[in-house]
Every structure is written in C-alpha cells, then in structure tokens.
1. Return only the number of the condition from (1) touching a residue at least 24 places away in the same chain (Cβ under 8 Å); (2) touching a Ser or Thr at 6+ places or on another chain (Cβ under 8 Å) that Phe258 does not satisfy.
2. Filter the range 188-216 down to the residues that are buried (at least 17 other Cβ atoms within 10 Å of the Cβ) and either among the acidic types (Asp, Glu) or under 54 Å from the mean Cα position of the chain (by Cα) (or both) and list them by number.
3. Any idea which residue in the range 222-247 is modelled with the highest pLDDT, counting only those that are outside any loop (DSSP other than H, G, I, E, B) and exposed (fewer than 14 other Cβ atoms within 10 Å of the Cβ)?
4. Among the residues of the range 259-298, which ones are over 18 Å from Thr185 (Cβ atoms) and in contact with a Leu (Cβ under 6 Å, 6 or more places away or on another chain)?
5. Using the structure shown, decide if Glu282 is of a type in the set (Asp, Glu) and touching a residue at least 60 places away in the same chain (Cβ under 8 Å).
6. Tell me yes or no: at least one residue of the range 251-262 is among the β-branched types (Val, Ile, Thr) and within 23 Å of Ala173 (Cβ to Cβ).
7. So, Arg149, is that one surrounded by 10 or more Cβ atoms within 10 Å (Cβ to Cβ) and of a type in the set (Lys, Arg) or not?
8. Please pick out the residue among Ala238, Ala234 that is under 41 Å from the mean Cα position of the chain (by Cα) and closer than 14 Å to Ser269 by Cα.
Amino acid sequence: MLRAARPSLIRATRPAAMSLMMKQMEMGQPLTEGDKPVSSFKDEFLRPKTHSDMVAKYGRYAKYSNPAFCKVDTTNEVVLNTYPEGTNAGLTNNVWKNMDDYHAGFYDEEFFRKNILKPRVSEDQEDRVRVTDYALNTALLGFGVFCIRYAIAPFWWIGQPRMTLVAESNIEAEIGEMSDKECKTIVWRGKPVYVYRRSAFQMQQVDETPMSALKHPETDHQRFGTDETFRKTAVVIAICTHLGCIPLANEGIFNGFFCPCHGSHYDASGRIRQGPAPLNLEVPPHRWLDEQTVFLGK
C-alpha cells in the first residue's frame with residue numbers, strides 16, 4: 001500500500017504544487033469569484049468584483065455575493081405565515097398530519113418534543129417540581145462555591161504561619177510565689193524561657209559588675225527595667241548563644257547560668273562572662289501584669 005501511494009505523493013509535491021501551497025496562507029479565508037478554489041496570487045490576496053445590485057438589495061455586506069447563488073427555487077417550499085388558511089400546499093410530504101400542531105424551528109418537531117421539550121406536569125405536581133428544581137440548583141451552587149473556596153484557599157494559606165504558632169505568639173503565664181534562686185520554665189513560641197528569682201546578693205553582684213568585664217556590655221536595668229519590684233525576677237530565653245544548647249540555672253562560677261556543652265558561664269542577669277558564647281542570653285519581649293503573672297509577647 002505504501003509503495004502504491006508513493007508515486008501520488010511525489011506528484012502532489014512537485015514544484016508547481018509547492019508554489020501554490022506557499023501562496024495559501026494559514027487561517028485565511030480568501031474570497032474568490034464563484035467560490036472557486038484558490039489557484040493564483042490574485043485569488044489569494046485580491047478581492048473579487050463587487051455587485052451593486054446585491055448591495056442595494058441586501059446591504060453593503062453582500063457586495064461580494066454572487067447573485068447566481070441567491071436564486072433559490074421556493075415554489076415547493078412553505079413560506080411561514082403566508083400560506084392560506086386551510087391549505088396544506090407544500091406540506092404534503094411532511095410527516096405531520098395535524099397542521100395546527102406544526103411549528104417550524106431549528107429542531108425537527110418530533111426530535112424537539114421527544115428530547116428537548118419537558119412534558120407538562122399536572123397542577124398538583126407543579127409545586128413539587130419547582131421545589132425540586134430549587135433544591136437541585138441550590139445544591140449545585142453550594143457545591144460550586146465549595147470547589148471555588150478550596151481552589152483559592154491554597155493561595156491564601158501560602159506564607160501564613162501555623163495556627164499553633166499564632167496561639168503561642170502571645171501568652172500569659174501565672175508564675176505564683178517564688179523563693180530566692182528558684183527557676184521556672186515556660187514554653188513560648190517553641191522556645192524554653194527561664195523565669196529566675198534572684199537573691200539580694202545576686203542583685204548586688206550584677207549591679208556592681210563593671211562594663212569592662214562583660215563580653216556583651218549591658219546593664220541589668222537595660223535588660224529588665226528599672227522597677228525594683230519586677231527586676232528581681234529575670235526572664236531570659238534558655239538557649240545558649242554559642243550553639244543553641246540549654247544552660248543550667250544556679251550553676252557556673254558566677255552563680256547564674258552555665259552551659260555544660262562548651263563551658264559558657266553567665267551571671268544572674270544572663271550576661272556572658274566566660275566561655276565561647278558571644279552574646280548574652282536573649283531577653284524576650286515581656287511585661288509583668290502583677291508580681292505573679294507575666295505576659296510574653298508584643
């Protein structure tokens with residue numbers, strides 16, 4: 001079969017045919033005289049002659065229409081609303097017998113009544129059909145809204161924090177009564193936070209420490225405020241600033257915090273005094289609501 005089709009394939013692609021193919025533009029609809037096939041440059045790019053009689057009769061859009069194609073024999077056809085009453089002329093071959101039921105439309109009458117036109121329901125069923133239509137339309141609309149919601153939701157969720165983090169971003173913690181050198185731990189934003197009650201001797205030590213002895217100079221007032229009632233309790237994030245270890249309270253040579261992993265010593269204010277840690281323990285944003293309740297967050 002391929003061998004038999006090969007000569008015709010070669011003939012179809014001879015230079016003359018290739019020239020004609022190059023003249024035919026894709027997606028174009030050239031107008032030719034008498035609707036003939038495009039066979040020349042003139043057929044492809046030039047317009048056929050216009051017909052003034054067609055323009056006068058049908059308008060300017062019919063100027064390229066061929067009058068010969070408009071001559072339609074309608075003697076055997078029915079012109080709607082013009083045949084005399086009681087006359088079945090032109091419909092003798094139609095399948096319809098009762099002319100009062102005949103209606104000319106886009107669809108064949110039998111096809112329209114059988115497949116498109118809904119049968120008329122009885123009066124006692126009208127309310128039931130209407131309610132059913134309302135219920136189905138409402139269900140369809142709800143399902144569409146549901147689908148749109150879950151189609152748009154991922155774009156809204158992009159970049160949003162998890163709700164667990166949002167709930168933990170600002171917390172209010174009741175500490176209760178604390179004795180000297182007592183330390184309590186609060187989990188805030190996934191981090192451990194030490195609430196450390198300092199003794200009078202520790203307060204004296206952190207106030208008398210010179211700035212020259214600190215790797216990261218900060219006064220205790222800068223870290224915990226000037227209110228003496230609340231300054232007695234230090235609030236620091238219990239993460240070593242060296243490699244993120246958890247320091248121990250009431251340990252180390254300065255009676256503050258000590259990281260046993262790499263030997264970083266902090267004083268009772270959480271300031272680095274000795275070891276590889278470069279910075280003081282971070283003080284989270286907080287405020288005291290009363291002597292036993294602290295609010296963490298902004």
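The values are calculated or read from the model by the stated rules, or taken from the named source; none is laboratory data. As the structure is a computational prediction, the values presented were derived from the model and not from experiment. We place every Cβ from the backbone using ideal geometry, glycine too, and count neighbours over all the protein chains shown.
1. Every listed condition holds for Phe258 apart from (1).
2. Trp188, Val193, Tyr194, Val195, Tyr196, Arg197, Arg198
3. Filtering first and then ranking leaves Gln222.
4. Correct list: Arg271 only.
5. Criteria not met by Glu282.
6. Checking the range 251-262: not a single residue is among the β-branched types (Val, Ile, Thr) and within 23 Å of Ala173 (Cβ to Cβ).
7. So Arg149 passes the test.
8. Ala238
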